[in-house]
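Worksheet: the structure to be examined is printed underneath.
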Amino acid sequence: MRDDDWEEVDPEAYLFAHWRQKQEHAETLGPGEDTQDSFLVRWNALLELSPKERIRELAKSRERLDAARQTPSDLSESAKLVVDVTEMAFLVNRTSMGTNKAGHTAEDRALVKETEAIIRSVVEMLAESRLAVTLFQTVQDRSNGHTLRHVVRVFTLMVGFLLSYNQLHSQGLGQKLRKAFSPLRRDAYRRLLPSLADNWMTSDNLVRLPALSVKQIREYALGALLHDVGKIMDLDYFESATNYDRDKTESHPILGCGLFLRTYGTAHEEARYIIGDHHNYLFHPDGYGLTRWERKRGQRVPLAPECSITDTLGVYLGGAALGFLPVEICSLIDVYDALTDPTRTYKKSLTPGQTVPFIETNFVAVGKIDPILFQLFVDYLKSNGLEAMDVGIS
């Protein structure tokens, strides 16, 4: 993509785009189509509010979540509330980012504070109970609109997986990975990293997977929540095969990074790179995103990669790793959700049992997704009762 495709976001252009989409929406509805719960209707309702009013609506959602935590309730009701509040957090962020003037305003700071508080509450709720399992079905039933449903599912799946991943460390994750590091798996990493010396071909070096702090989990959850905020200009454009535009598709991570940086500042760089690189695919030729764009512009001169996944952003940005742990987790979950999304219209959705071998063949085997990370994710799906191939760590 050309460098001049990535100009600074113009708030006035966004306001015009919002108006255009609002006018065109009425012309695209089918006879008798109910729009009351559609993404666009809810988004336009927020556009009618002032920035302070939108923050107040978000604060009300956060207060509902906090109140629910003080009063034990049925898991299904708690799951529905998490979905509702997560939707509101994404909608308010998306709307506010698209209409803000340049600069970090008081409303921006309030938005960041409320969003961080919501993420903190959701992470704590999922850590305290089996709520993550109930969320699987709830996000299928209650979310409205393709982008919004997808965002909520990716966010909740990511939080659940991160919490499960941390639990594995108390059960000897490193030892199990070393035991499962067969010659076949070593060959897969040889294809990913053909220049790596043999003595570096160990599971400990290739995929660096330490336990995560609570702060890291919250940061990664923020990136997952807003990973598709760059689709603000074109609602669900990816749902139509006839209108598919590769340049437009590849622009959304960069656009999302710009919007995020303008609103959140530089205090959340790990989340920003989740937004910017969730389609990077370990630098496979089919991937795209922020880091490639930075390299193209000469901002980063990469080193020779010495591992597949690192847990350190600086190592990843310097080029010594093909992937950054939270980026690759979000990327995998993003692919999984796109394939299993029951509402997608351009291709028939797959069941979880069909999706696992599809990802293994079309993403893992060709070097777009890390083999060990994929294995851990399949184990997570199985632990939540979802059908999957029997490829878990023994």
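The values are calculated or read from the model by the stated rules, or taken from the named source; none is laboratory data. All values derive from a computational prediction rather than experimental measurement. Counting neighbours? That spans all protein chains shown, and the Cβs are built from the backbone with ideal geometry, glycine included.
Please determine whether any residue of the range 111-119 is at pLDDT below 85, hydrophobic (A, V, I, L, M, F, W, C) and surrounded by 22 or more Cβ atoms within 10 Å (Cβ to Cβ).
no
Look through the range 269-306, keep the residues that are charged (D, E, K, R) and part of a loop (DSSP other than H, G, I, E, B), and return whichever of them is surrounded by the most Cβ atoms within 10 Å (Cβ to Cβ).
Glu306
Across the range 329-374, what is the total count of residues that are polar (S, T, N, Q), surrounded by fewer than 21 Cβ atoms within 10 Å (Cβ to Cβ) and modelled with pLDDT of 95 or more?
Selection size over the range 329-374: 2.
Considering only residues that are assigned to a loop (DSSP other than H, G, I, E, B) and in contact (Cβ under 8 Å) with a residue 12 or more places away in the chain, look in the range 251-268 and name the one that is surrounded by the most Cβ atoms within 10 Å (Cβ to Cβ).
Per the criteria, the residue is His268.
Residue-by-condition table, conditions (1) among the hydrophobic types (A, V, I, L, M, F, W, C); (2) surrounded by fewer than 23 Cβ atoms within 10 Å (Cβ to Cβ); (3) in contact with a Phe, Trp or Tyr (Cβ under 8 Å, 6 or more places away or on another chain); (4) within 28 Å of Val154 (Cβ to Cβ):
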position	(1), (2), (3), (4)
Ser195	no, yes, no, no
Asn199	no, yes, no, no
Thr202	no, yes, yes, no
Val207	yes, no, no, yes
Arg218	no, yes, no, yes
Ala221	yes, no, yes, yes
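Within the range 41-75, take every residue that is among the β-branched types (Val, Ile, Thr) and assigned to a helix (DSSP H, G or I) and give me the one that is nearest to Glu114 (Cα to Cα). Reasoning before the result, please.
Let us first name the residues in the range 41-75 that are among the β-branched types (Val, Ile, Thr), namely 41, 55, 71.
Remaining after also requiring assigned to a helix (DSSP H, G or I): 41, 55.
Numbers: Val41: 23, Ile55: 8 Å.
For the range 41-75, the residue satisfying everything is Ile55.
Just to verify a result, which residue in the range 375-394, among those that are in a loop (DSSP other than H, G, I, E, B) and either at pLDDT 95 or above or hydrophobic (A, V, I, L, M, F, W, C) (or both), is surrounded by the most Cβ atoms within 10 Å (Cβ to Cβ)?
Ala388
Enumerate the pairs (first residue in the range 183-205 and touching a residue at least 24 places away in the same chain (Cβ under 8 Å); second residue anywhere and small (Gly, Ala, Ser) and surrounded by fewer than 14 Cβ atoms within 10 Å (Cβ to Cβ)) with beta-carbon separation below 7 Å, excluding pairs fewer than 6 apart on the same chain, so at least 6 apart or on different chains.
Ser195/Ala304; Asp204/Gly174
So, in the range 51-85, how many residues would count as being over 30 Å from Thr105 (Cα atoms) and either buried (at least 20 other Cβ atoms within 10 Å of the Cβ) or touching an Asp or Glu at 6+ places or on another chain (Cβ under 6 Å) (or both)?
Adding up the residues that qualify gives 2.
List the residue pairs whose Cβ atoms are under 6 Å apart, where the first residue sits in the range 153-179 and is aromatic (Phe, Trp, Tyr) and part of a helix (DSSP H, G or I), the second is at pLDDT 90 or above and surrounded by 13 or more Cβ atoms within 10 Å (Cβ to Cβ), and the two are 6 or more positions apart or on different chains.
Phe155/Thr86; Phe155/Ala224; Phe155/Leu225; Phe161/Tyr380
Could we say that Leu135 is surrounded by 18 or more Cβ atoms within 10 Å (Cβ to Cβ), in a helix (DSSP H, G or I) and modelled with pLDDT under 90 here?
Criteria met by Leu135.
With respect to Gly230, determine if the residue is more than 30 Å from Glu107 (Cα to Cα), at pLDDT below 90 and not acidic (Asp, Glu).
no
List, please: which pairs have Cβ atoms under 6 Å, are six or more places apart or on different chains, and start with a residue in the range 285-296 that is more than 21 Å from Val364 (Cβ to Cβ) and end with one that is at pLDDT below 90?
Glu294/Arg300
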